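Chemist: After the structure tokens below, expect a handful of questions from me.
The values are calculated or read from the model by the stated rules, or taken from the named source; none is laboratory data. If you're wondering where the values come from, they're calculated on a predicted model, not measured in any experiment. Cβ placement follows ideal geometry from the backbone for every residue including glycine, while neighbour counts extend to all protein chains displayed.
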Amino acid sequence: MALDPSDSVGTAWSGRADMRGTLNRLRRATGLPLAFAGLVEPGPGQLRISELQGNRTTALSGLAVRPGNGLGGKTVALARPCQVTDYSVSRQISHEYDAAVDAEGIRSVLAVPVVVRRQVRGVLYGALRAARPLGDRVVEAALEAARDMEQALVVRDEAHSLLAAIRATVGHEVSPGAWEEVREAHGALRALAPRIDDPVLRAELLQVCGRLAGATASGAGTGPATPATDGGGAVALTPREVDVLACVAVGATNAGTAERLGLRPETVKAYLRSAMRKLGAHTRLEAVVAARRAGLLP
């Protein structure tokens, strides 16, 4: 199989693009002048603030917040939203980070945990430079934004699990049974890619998909022999047409494919018809076989 697991660079992804989109939505929904966020780092479990919007200084950028310390650390420790109306004088929190908070002019702050599988994975903050309460509308919007971030992290986890499974397979002789698992992973990666905001991870998923498909075209792990098709040049399918064929290749129905890709069943049928026409296929199976021979599917 012509795919080197060392080529993959998924560990470089930080999730910043997803946080950026979440903070954008939070500020639009609430009108908050300042919003920022960070993920909890493995090991010591400290929160690292890595994305800010509306900031006037770099005082908070890269700030490491220990569990239990400050507002964010309290939020991590309790796994629930916390807020203060006047940060610098609040008795509800400790004050290890007052210098950075004062430099940014922050007074009223809300911190909401991002929880995945009962584990706090990050914190979203919304803040004002005035000492006044943040109302229920802001709290609800922040909770909704945190749920968006939770879903993004779930997608990231799924993607990395699939990439890890592929890395464990490549570089070895692939049995027919294992090759079917690779095809399942390929289809899952294709379905995940459009849901990922971060361009680094999305590009990696699509790169891995392309190399898996290329391995078939080179004759590795193709499984049972299939009848030869007429010659011809490269077939140009759209990404969504390939997504649909990847689902069909592992036995998904049109309805199942629609659910997996977040499309309408009628849209799936249209993509499938278009792909079949381009591939010169008359059945779903012929389309899958032709796509594999063209190096579009593993």
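Chemist: Is it the case that the stretch 86-109 has a residue that's within 28 Å of the chain's Cα centre (by Cα) and crowded, with 16+ Cβ neighbours inside 10 Å?
Modeler: Checking the stretch 86-109: at least one residue is within 28 Å of the chain's Cα centre (by Cα) and crowded, with 16+ Cβ neighbours inside 10 Å.
Chemist: Looking at this structure, is Ala258 without any contact (Cβ under 8 Å) to a residue 24 or more places away in the chain, touching a Lys or Arg at 6+ places or on another chain (Cβ under 8 Å) and over 18 Å from Ala213 (Cβ atoms)?
Modeler: Spelling it out, Ala258 is indeed without any contact (Cβ under 8 Å) to a residue 24 or more places away in the chain, touching a Lys or Arg at 6+ places or on another chain (Cβ under 8 Å) and over 18 Å from Ala213 (Cβ atoms).
Chemist: Only one of these conditions is not met by Gln83: (1) outside any loop (DSSP other than H, G, I, E, B); (2) closer than 29 Å to Ile196 by Cα; (3) touching a strand residue (DSSP E or B) at 6+ places or on another chain (Cβ under 8 Å). Which number is it?
Modeler: (2)
Chemist: Next up: What single numbered condition from (1) farther than 17 Å from Leu52 by Cα; (2) in the same structural domain as Val40 (by TED's automatic domain parsing) fails to hold for Leu128?
Modeler: Of (1) farther than 17 Å from Leu52 by Cα; (2) in the same structural domain as Val40 (by TED's automatic domain parsing), only one is false for Leu128: (1).
Chemist: Among what's in the stretch 260-298 and is surrounded by 15 or more Cβ atoms within 10 Å (Cβ to Cβ) and touching a Pro at 6+ places or on another chain (Cβ under 9 Å), pick the residue that is farthest from Arg183 (Cα to Cα).
Modeler: Once the filter is applied, the top-ranked residue is Leu261.
Chemist: Those residues that are more than 19 Å from Gln151 (Cα to Cα) and buried (at least 22 other Cβ atoms within 10 Å of the Cβ), I need them from the stretch 18-33; list them, please.
Modeler: Within the stretch 18-33, just Leu32 meets the criteria.
Chemist: Same structure again: Can you pull out every residue in the stretch 110-130 that is loosely packed, with under 14 Cβ neighbours inside 10 Å and touching a strand residue (DSSP E or B) at 6+ places or on another chain (Cβ under 9 Å)?
Modeler: Of everything in the stretch 110-130, those that are loosely packed, with under 14 Cβ neighbours inside 10 Å and touching a strand residue (DSSP E or B) at 6+ places or on another chain (Cβ under 9 Å) turn out to be Gln119, Arg129, Ala130.
Chemist: Can you go through Val208, Val138, Val174, Val155 and tell me which one is aliphatic (A, V, I, L, M) and either modelled with pLDDT under 70 or not in a helix (DSSP H, G or I) (or both)?
Modeler: Going through Val208, Val138, Val174, Val155 in turn, the sole match is Val174.
Chemist: Continuing with the same structure: Which members of the stretch 18-71 meet the condition of being at positive phi and either in contact (Cβ under 8 Å) with a residue 12 or more places away in the chain or outside the structural domain of Asp102 (by TED's automatic domain parsing) (or both)?
Modeler: Scanning the stretch 18-71 gives Gly45, Gly54, Gly62, Gly68, Gly70.
Chemist: Consider the stretch 264-285. How many of its residues are touching a residue at least 12 places away in the same chain (Cβ under 8 Å) and not basic (Lys, Arg)?
Modeler: Number satisfying all stated conditions: 7.
Chemist: If I ask for residues that are among the basic types (Lys, Arg) and more than 28 Å from Pro42 (Cβ to Cβ), which ones from the stretch 54-102 would you list?
Modeler: Selection gives Arg56, Arg91.
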